[in-house]
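A short worksheet on the structure shown next.
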């Protein structure tokens, strides 16, 4: 299992300060992530970084500089 990671140069406290979420966490990226758009869903590439903000999260895929916002479910999956 891969450990949770933070964006390069950031601390968890900085992420909490900027987001305003005192409970923001870095999550283990080893979880299913699906892109859902206009009625269809497909697996996204593996996640490199996942940041959790209660029921929302930000996902940075491996080999992609973009970040995606999604819903975080109780079973650990993201869409």
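The values are calculated or read from the model by the stated rules, or taken from the named source; none is laboratory data. Worth saying up front: this structure is predicted, and the values here are computed from it rather than measured. Heads up, the Cβs are rebuilt from the backbone with ideal geometry, glycines too, and the neighbour counts pull from every protein chain shown.
When the residues of the stretch 12-34 are filtered to those that are surrounded by fewer than 13 Cβ atoms within 10 Å (Cβ to Cβ) and touching a helix residue (DSSP H, G or I) at 6+ places or on another chain (Cβ under 9 Å), which remaining residue is farthest from residue 61 (Cα to Cα)?
Applying the filter and picking the extreme gives 22.
Pull out all pairs, ordered by first then second residue, where Cβ-Cβ is under 9 Å, the residues are six or more apart or on different chains, the first lies in the stretch 29-40 and is in contact (Cβ under 8 Å) with a residue 40 or more places away in the chain, and the second is surrounded by fewer than 10 Cβ atoms within 10 Å (Cβ to Cβ) and in a strand (DSSP E or B).
Partner pairs satisfying both residue conditions: 32/43; 33/43; 34/42; 34/43; 35/42; 35/43; 36/42.
Of all residues being at pLDDT 95 or above and over 16 Å from the mean Cα position of the chain (by Cα) in the stretch 19-49, which is farthest from residue 4 (Cα to Cα)? Just the residue, please.
Across the stretch 19-49, the extreme among qualifying residues is 20.
Run down 65, 3 and say which single residue is within 14 Å of the chain's Cα centre (by Cα), exposed (fewer than 10 other Cβ atoms within 10 Å of the Cβ) and modelled with pLDDT of 90 or more.
Numbers: 3 fails: modelled with pLDDT of 90 or more.
It is 65.
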